[in-house]
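Working notes, structure below.
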Amino acid sequence: MRATDIADQLSTVLVTEEQIHAKLEELAEQVAADYDGSELLLVGVLKGAVMVMADFSRRLPRHISMDWMAVSSYGAGTKSSGVVQIRKDLDTDLTGKHVLIVEDIIDSGLTLSWLLENFASRGAESVEVLALLRKPEAAKVEIDCRYVGFDIPNDFVVGYGLDYAEKYRNLRDVAVLAPHIYS
Ligand code: XMP
Ligand code: MG
């Protein structure tokens, strides 16, 4: 569905599907150039990164491997605590691999900072991050993110894989929910 289909439930559309696709095209060109000649493993973080992975990986004019990880971050309320539990681990041995983590969003950065350390300890040759969205004002730790789609304001967003109570993942655009949806 498009943002126009559920306009009554949204307050602002931040990034449209067209903008996302144009950006992923750009990022795919950069990644293809940067990893020219090396094997590349894309690791998607479930479930939010499903759409980014699908649209980004298909724009790469080369072979890649793909794996997935599911993690949950525990803490008070809806905010990330930095205490991460692995719910589904990788099937791939990272030793000597060039890994590109594909993420939907960097909010506090706590989840990714944990993942980066975890991957480094498994002997990956290199670990970089591609994130479609980033909230600079929410950062609690600095993440060295090589490929960023869009910097957005510090609001809870949905769409393009991102959910509110498992809904809105199939919204094609990225938008801020209207306040009445939360209450
Ligand atoms: P941190 O704070 O660790 O967040 O960088 C990582 C994960 O939290 C989820 N997240 C969001 N999900 N709308 C969502 O639907 C948001 O605005 C949002 N901010 C964070 C997301 O899964 C991310 O990978
Ligand atoms: Mg996520």
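Just the number please: accessible area per residue for the chain, 1.4 Å probe, all protein chains included, in Å².
The answer is 50 Å² per residue.
If all Cα-Cα distances of the chain are sorted into 5 Å bins from 0 onward, what percent lands in each bin, rounded to whole numbers?
Histogramming the chain at 5 Å steps yields 1, 8, 17, 21, 21, 16, 10, 4, 2, 0, 0 percent.
Which lysines, on any chain, are close to LYS167 with Cα under 30 Å apart, when same-chain ones fewer than 8 places away are left out?
LYS23, LYS47, LYS79, LYS88, LYS135, LYS140
Taking θ = phi - 60°, what integer Hz values does the Karplus form 6.51 cos²θ - 1.76 cosθ + 1.60 yield along the range 168-183, in sequence order, with x for Gly and Pro?
So the Karplus estimates, Gly and Pro as x, are 6, 4, 8, 5, 6, 9, 9, 9, 8, 5, 5, x, 5, 6, 6, 9 Hz.
Give me, ordered by chain and number, the residues 5 or more places off LEU46 or on other chains with an amide H under 5 Å from its own placed amide H.
MET69, ALA70, VAL71
Could you state the per residue volume, in Å³, of the convex hull enclosing the Cα atoms of the range 83-183?
127 Å³
For the range 153-164, in order, what is each residue's ³J(HN,Hα) by Karplus, 6.51 cos²θ - 1.76 cosθ + 1.60 with θ = phi - 60°, in whole Hz (x at glycine and Pro)?
x, 7, 10, 6, 10, 10, x, 6, x, 7, 10, 10
Top mean-square fluctuation among ILE20, ILE101, ILE152, Gaussian network model of the chain, C-alpha springs under 10 Å?
Looking only at ILE20, ILE101, ILE152, the biggest GNM fluctuation is shown by ILE152.
Which whole DSSP H helices in the chain pass both tests: a Cα extent of 20 Å or more along the axis and a mean Kyte-Doolittle value no lower than 0.0?
Counting only whole DSSP H runs, no helix qualifies.
Ignoring ligands, DNA and RNA, what percent of the accessible area of the chain is carbon or sulfur (1.4 Å)?
Looking at the chain in its full context, I get 49 percent from C and S.
Can you give the convex hull volume of the alpha carbon atoms of the range 1-71 per residue, in Å³?
Cα convex hull per residue, to the nearest whole number: 109 Å³.
Using modelled amide H (1.01 Å from N, peptide plane; none on Pro or chain starts), what sits under 5 Å from the amide H of GLU103, excluding residues fewer than 5 places away?
Here LEU130, ALA131, LEU132 satisfy the definition.
Report for the chain the percent antiparallel among DSSP-assigned beta bridges with both residues inside it, nearest 5.
Antiparallel bridges make up about 35 percent of those DSSP assigns within the chain.
The values are calculated or read from the model by the stated rules, or taken from the named source; none is laboratory data. Everything quoted here is computed from the prediction, not taken from an experiment. SASA here: full protein model, heavy atoms, side chains in, ligands and nucleic acids out. Shrake-Rupley method; radii C 1.70, N 1.55, O 1.52, S 1.80 Å.
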